[in-house]
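The values are calculated or read from the model by the stated rules, or taken from the named source; none is laboratory data. From a predicted model like this one, the values you see are computed outputs, not experimental measurements. Please note: Cβ atoms are built from the backbone with ideal geometry, for glycine as well, and neighbour counts cover all protein chains shown.
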Amino acid sequence: MEVVFQKPQALTEARLSYCPGCSHGLIHRLVAEVIDELGVRERTVGVCPVGCSVFAYENFDCDMIQASHGRAPAVATGVKRTVPEAVVFTYQGDGDLIAIGTTEIVHAAARGELITVIFVNNAVYGMTRGQIAPTTLPGQPTTTCPEGRNPRLEGNPIRVCELLSSLQGPAYIARVAVCAPKYVIRAKRSIKKAFQTQLEGKGLSLVEVLSSCPSFWGMTPVEAMHWVEEHMIPYYPLGEFVGGKD
Amino acid sequence: MPEKLLMKGNEAVAQGAIDAGCTHFFGYPITPQNQICEYMSVHLRAAGGVFLQAESEISAINMTYGVAAAGGRVMTSSSGPGIALKQEGLSYLIGAELPCLVVNMVRGGPGLGNIAAAQSDYWLATRGGGHGDGHIIVYAPATVQELYDLPHMAFDLADKYRNPTMILGDAILGQMMEPVEMRGRRQEPLPEKPWTTTGAKGRPRNIVNSLRIEPPELEQHCRKLEAKYQQIAATGTLWDEYGADDPEVLVTAYGTSARVCRSAVSQALEAGIRARLLRPISLFPFPSARLRELAEQAGKVLVVEMSLGQFLEDVRLAVEGRVPIRFHGRTGGMVPTPEDVLGEIRAAVEGT
């Protein structure tokens, strides 16, 4: 009998801790499949954040480090500059990466650290139950902006790919989504390119994955997937911002 | 014949770390320790190590965390405001049981304070290492030679017990120049570390983590750390003594204050006062037992420090109220004088 689908080797047997309809599970699988396909599982060191994916050290079957909030790019810098042959990735949410972690990602990117950053953008703080994030959309209600994000009070959301593209250190920056199969296929391609960028020693690689949070958007899983397509993609355009031509 | 060089304190601690096998250094400019970063940027690189000026003290302690997890022998340095920023990172290092060396060349505080010498980060060092139950091992040099020697001890202890360590200096010690006997680069290989995250080839995967979401598990982990500190206290408590064998007054101080006290005690001895100086070198673990013994023998204690009374608290805890304690403190960058300390010694003995 032919095996057409199986759990990647780079994922453990441990149960995932995410909500039904959360994109983390899907994204974990894509990252793990890429690690398997590139044959680098035994060289990989992952750095997981503070946020819903804090427990990712239970799920990726490789050496894992749990980092303090926002600091994964600095931790990853330390690892890569100690074991240059390791394949080092960070896995971070929107609060982790671009609220408290802004300094670390900007400088790791500016230095062109040879790490791969998987940035999961679901426009809200999930683990702490639904507060405003730097990527929350104007008008989107959260527990700390119940009337909806008001640009006059809370400013406008940050487009991370565009921001980091102004730097010279990044060699691959892409934004993808996983809200429908056609997007999932392209997302995996980008994630693979990102890891290949690291293997080829070209510079920092980052993939922003537009993701769902049905629990704290107050939607069903299916409604949440539609919301990503209808509301997030127009604000956060998909594409390759740096390194797409290779 | 070991080489002897006249060195500045900041350079001595950096060279000491390099000779002890330091592989990585991350720093950020802040007076009065900038020479540590500058020295490392040239000499650590020349020795084949990795130097990076980080974008902040927070980034530096987190780079330190990454190197420690991956098995490197890593150091970072700063002064008060920057050490305050590092507290969360230190707590993670403690919780994840990672080794490293942090150097604090203390300046006047609180806030921006000033760039003169102080000892007002004692609480930050001994009660710090961030939030939660845990400690960093703290050493207090009083000479440039000790600034050179202590990194060897600190790194070895950090590796053996998997815990961060700190060298607590100050602006004066950092800038002063004294002769240093060099021991040359460490020849033995660094200890094996099977728990590091380097890529899980040929072994089960390793996880470096301080999260223990179930309370019974976290309590068990904290008790394990507690046992570690008790072991370190049993074998690694360090101090120095000077003065009369049968003291009538015990003087206690560390670092620069201890240098001043040594002069004062010298003069006291010449004047026929039986003074003895106990100078802690490890601040955590603290030489409580010996201090209590000498305090009881002398019948009175004089504490001298460059703060309003932080080290004083640990002296009080050690003495347990058994004998009177006198305190002479200067702060904000002011340094006690031997004359003033001698005056306090006389007053202690005369009971005034």
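Which numbered condition in (1) part of a loop (DSSP other than H, G, I, E, B); (2) buried (at least 22 other Cβ atoms within 10 Å of the Cβ) is the only one that A:Val176 fails?
Exception for A:Val176: condition (1).
Out of (1) surrounded by fewer than 16 Cβ atoms within 10 Å (Cβ to Cβ); (2) within 13 Å of chain A (Cβ to nearest Cβ), the odd one out for B:Pro215 is which?
Evaluating B:Pro215 over (1) surrounded by fewer than 16 Cβ atoms within 10 Å (Cβ to Cβ); (2) within 13 Å of chain A (Cβ to nearest Cβ) leaves (2) as the failure.
Tell me yes or no: at least one residue of segment A:91-99 is part of a loop (DSSP other than H, G, I, E, B), more than 7 Å from chain B (Cβ to nearest Cβ) and farther than 17 Å from A:Ser205 by Cβ.
Yes: one or more hits.
Test B:Glu38 against the criterion of being among the charged types (D, E, K, R), over 17 Å from B:Pro151 (Cα atoms), away from chain A (no Cβ under 14 Å) and in contact (Cβ under 8 Å) with a residue 60 or more places away in the chain, and give yes or no.
no
State all residues of segment A:18-60 that are within 14 Å of another protein chain (Cβ to nearest Cβ), within 13 Å of A:Ile118 (Cβ to Cβ) and among the hydrophobic types (A, V, I, L, M, F, W, C); if no residue qualifies, say none.
If the condition is that a residue be within 14 Å of another protein chain (Cβ to nearest Cβ), within 13 Å of A:Ile118 (Cβ to Cβ) and among the hydrophobic types (A, V, I, L, M, F, W, C), then A:Ala32, A:Ile35, A:Val47, A:Cys48, A:Ala56, A:Phe60 are the ones that fit.
On the basis of being among the basic types (Lys, Arg) and within 14 Å of chain A (Cβ to nearest Cβ), does B:Lys160 make the cut? Explain how you work it out, then say what you get.
Details: among the basic types (Lys, Arg): yes; within 14 Å of chain A (Cβ to nearest Cβ): no.
For B:Lys160, the condition - among the basic types (Lys, Arg) and within 14 Å of chain A (Cβ to nearest Cβ) - is not met.
Would you tally the residues in segment B:303-330 being part of a loop (DSSP other than H, G, I, E, B) and charged (D, E, K, R)?
3
A:Gln6 versus (1) among the polar types (S, T, N, Q); (2) touching a residue at least 12 places away in the same chain (Cβ under 8 Å); (3) under 19 Å from A:Lys188 (Cα atoms): which is the lone unmet condition?
Here A:Gln6 meets the rest and fails (2).
Quick test for you: out of B:Gln53, B:Gln87, pick the one residue that is in the same structural domain as B:Arg185 (by TED's automatic domain parsing) and over 22 Å from B:His135 (Cβ atoms).
B:Gln53
Counting just the residues of segment B:79-96 that are among the small types (Gly, Ala, Ser) and under 12 Å from B:Asp121 (Cα atoms), which one comes out surrounded by the fewest Cβ atoms within 10 Å (Cβ to Cβ)?
Among those that are among the small types (Gly, Ala, Ser) and under 12 Å from B:Asp121 (Cα atoms), it is B:Ala84.
Quick one: in segment B:50-75, of everything that is part of a loop (DSSP other than H, G, I, E, B), in contact with a Gly (Cβ under 9 Å, 6 or more places away or on another chain) and over 15 Å from A:Ser68 (Cβ atoms), which residue is farthest from the other protein chains (Cβ to nearest Cβ)?
Among those residues, the one meeting the criterion is B:Arg73.
From the list B:Tyr92, B:Tyr148, exactly one residue is touching a residue at least 60 places away in the same chain (Cβ under 8 Å), of a type in the set (Ser, Thr, Tyr) and more than 10 Å from every other protein chain (Cβ to nearest Cβ). Which is it? Give the derivation first.
Values: B:Tyr92 fails: more than 10 Å from every other protein chain (Cβ to nearest Cβ).
Matching residue, one of B:Tyr92, B:Tyr148: B:Tyr148.
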